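Notes follow once the structure below has been shown.
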Amino acid sequence: MPRESLASKQDRAQKIVKRLKKAYPDSQCSLHYKSPFQLLIATILSAQCTDERVNQVVPRLFQFLPTAKDFMEVNLERLEELIRPTGFYKNKAKNIQACCKVLVEKYDSQIPQSVEELSSLAGVGRKTANVVLGTAFGVPAMVVDTHVSRLSNRMGFCKGSNAVKLEQELMNIVEKKDWVIWTHLLIDHGRAICTARKAKCEECFLIDLCPQREYKK
Ligand code: SF4
């Protein structure tokens, strides 16, 4: 197959976004949160855990510990007990407590709004930082999770699994205004049709816009 130009990829991405928006009109972050702080904690908890499980845990968690200061001061074992169902709870509790200490002492309990500052917090990687920036603050940010990586590869937009490289490549291809929704749409499509186990190309409404059509002939 000839190498596809950047302009062609950009055009295809725009059409794909349009169709995905039509198919998943309510596409959004599936974690429940009421503030940037809650989204930050929920996203840390979502590592190696389903969003559904996190959503079951956070109402009680934030009821007991509404602020960063509360998280900082709570007994570590108590925090572990509250987040236990999300898995890897010992590490998560330690990170969350360290993260909240910095939020309180350095940022006056506010959430910083740059990738660099956010990802310097304990337990916060680039992906979590971009989730908070894009979803809580509306700052254009590209989140590359497992669905985005898999689908963007299958769609022929990029190659490999290096999240930082994929993030840069996708930011060149997808329109800036669609960076945040791109993640949510690809997650929805990755759960419904282009699943990790099998790409159900025969029932996919993107087949004419996806290089997979070449293999289906
Ligand atoms: S055509 Fe196949 S590979 Fe492409 S997005 Fe649809 S299911 Fe995924």
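Among the conditions (1) within 15 Å of the ligand (Cβ to nearest atom); (2) more than 18 Å from K21 (Cα to Cα); (3) outside any helix (DSSP H, G or I), the only one that V139 does not satisfy is (1).
When region 50-77 is filtered for residues that are surrounded by fewer than 18 Cβ atoms within 10 Å (Cβ to Cβ) and under 19 Å from the mean Cα position of the chain (by Cα), the ones remaining, listed by number, are T50, D51, E52, R53, N55, Q56. I'd like to check something: does region 105-114 contain any residue that is among the polar types (S, T, N, Q), more than 23 Å from R53 (Cβ to Cβ) and not in a loop (DSSP other than H, G, I, E, B)? No, the conditions are met nowhere in region 105-114.
Scanning region 104-117 for residues that are within 20 Å of A47 (Cα to Cα) and touching a residue at least 24 places away in the same chain (Cβ under 8 Å) yields I111, V115.
Determine if region 67-89 includes at least one residue that is of a type in the set (K, R), part of a helix (DSSP H, G or I) and under 23 Å from I193 (Cα atoms). Looking through region 67-89, none of the residues is of a type in the set (K, R), part of a helix (DSSP H, G or I) and under 23 Å from I193 (Cα atoms).
What do you reckon, is R19 among the basic types (K, R), within 18 Å of the chain's Cα centre (by Cα) and on the phi < 0 side of the Ramachandran plot? Show your work before the answer.
Numbers: among the basic types (K, R): yes; within 18 Å of the chain's Cα centre (by Cα): no; on the phi < 0 side of the Ramachandran plot: yes.
Here the answer is no, as R19 does not meet what is asked.
Output yes when any residue across region 174-186 is in a helix (DSSP H, G or I) and near the ligand (Cβ under 8 Å from one of its atoms), and no when none is. Checked against the condition, which is being in a helix (DSSP H, G or I) and near the ligand (Cβ under 8 Å from one of its atoms), region 174-186 yields no hits at all. Take the conditions (1) over 12 Å from the mean Cα position of the chain (by Cα); (2) loosely packed, with under 14 Cβ neighbours inside 10 Å; E169 misses just one of them, which is (2). For region 42-66, enumerate the residues that are outside any helix (DSSP H, G or I) and either under 19 Å from G125 (Cβ atoms) or at pLDDT below 95 (or both). Result: S46, A47, Q48, C49, T50. Scanning region 80-112 for residues that are within 22 Å of the chain's Cα centre (by Cα) and hydroxyl-bearing (S, T, Y), we see that the one that is surrounded by the most Cβ atoms within 10 Å (Cβ to Cβ) is T86.
The values are calculated or read from the model by the stated rules, or taken from the named source; none is laboratory data. Treat the numbers as computed from the prediction; the structure is a model and nothing was measured. Cβ: placed from backbone, ideal geometry, glycine included. Neighbour counts: every protein chain shown.
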